[in-house]
Amino acid sequence: HATAPPSRRRYAFNAMFSISTNASRERLSYIVEGNAAAWRARTGMEAYVRMSNWFGDPNERRSDQTTTEEYMRVLLDSVFTVSPAGHNPECFRMYEAVEAGSILITTRDDLVSAPDASREGAPGCPDALALWSDDLVSVPN
């Protein structure tokens, strides 16, 4: 797929994630879903917002997730991609968004610690990701 320049993309941003992964994702979903219509009214630009309650194969009939085909299309057609941490601060979405030419939006806290890291006894990965914080545009919580 060829990537379009930002000025020719349909969506200002996309937010596609499961809200069951951690509490911060659920809070973020309320903010994004509650402001999507206001965003369009103010800017004239669309936002693609699709929250899922279930994590599994997105192509299964019972899934409420975006299908793989739709996910790829939306990434290629979005200027920005909202990427909250799940079980770890990084996920495939980060790399997929960059490959699609979509600018990643995450929080600084997501870059330096994993919300569920204590579940596995790990303190997160501040040493690996803290070095990125100077290069990424990040939005504080």
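The values are calculated or read from the model by the stated rules, or taken from the named source; none is laboratory data. Here the structure is a predicted model, which is why all the values come from computation and not from measurement. Virtual Cβ from ideal backbone geometry, glycine too; neighbours counted across all protein chains shown. The accessibility values were calculated without ligands, DNA or RNA, using every heavy atom of the protein model including side chains. Shrake-Rupley method; radii C 1.70, N 1.55, O 1.52, S 1.80 Å.
What do you reckon, is Ala23 at pLDDT below 80, within 18 Å of Cys91 (Cβ to Cβ) and open to solvent by less than 70 Å² (accessible area, probe 1.4 Å)?
On the way: at pLDDT below 80: yes; within 18 Å of Cys91 (Cβ to Cβ): yes; open to solvent by less than 70 Å² (accessible area, probe 1.4 Å): yes.
Judged against the criteria, Ala23 is a match.
Can you name the helices (runs of 4 or more DSSP H) wholly within the range 32-136 that have at least 1 residues being more than 16 Å from the chain's Cα centre (by Cα) and at pLDDT 80 or above? Quick ask: steps written out before the conclusion?
Details: elements: 68-76, 92-99, 108-112, 126-130.
Hits in the range 32-136: 68-76.
If you scan the range 18-31, which residues turn out to be out of contact with any helix residue (DSSP H, G or I) (no Cβ under 6 Å at 6 or more places or on another chain), in contact (Cβ under 8 Å) with a residue 24 or more places away in the chain and either under 12 Å from Ser52 (Cβ atoms) or not in a helix (DSSP H, G or I) (or both)? Full working, then the answer.
Quick first cut of the range 18-31, residues out of contact with any helix residue (DSSP H, G or I) (no Cβ under 6 Å at 6 or more places or on another chain) only: 18, 20-31.
Keeping just the survivors that are in contact (Cβ under 8 Å) with a residue 24 or more places away in the chain gives 18, 20-25, 28.
Passing the criteria: Ser18, Ser20, Thr21, Asn22, Arg25.
Give the range 80-99 a look and list any residue that's surrounded by fewer than 20 Cβ atoms within 10 Å (Cβ to Cβ), in contact (Cβ under 8 Å) with a residue 24 or more places away in the chain and not acidic (Asp, Glu), or say none.
Phe80, His87, Asn88
How about the range 5-17: which of its residues are polar (S, T, N, Q) and without any contact (Cβ under 8 Å) to a residue 40 or more places away in the chain?
Filtering the range 5-17 down to residues polar (S, T, N, Q) leaves 7, 14.
Ser7 - this is the single residue of the range 5-17 that is polar (S, T, N, Q) and without any contact (Cβ under 8 Å) to a residue 40 or more places away in the chain.
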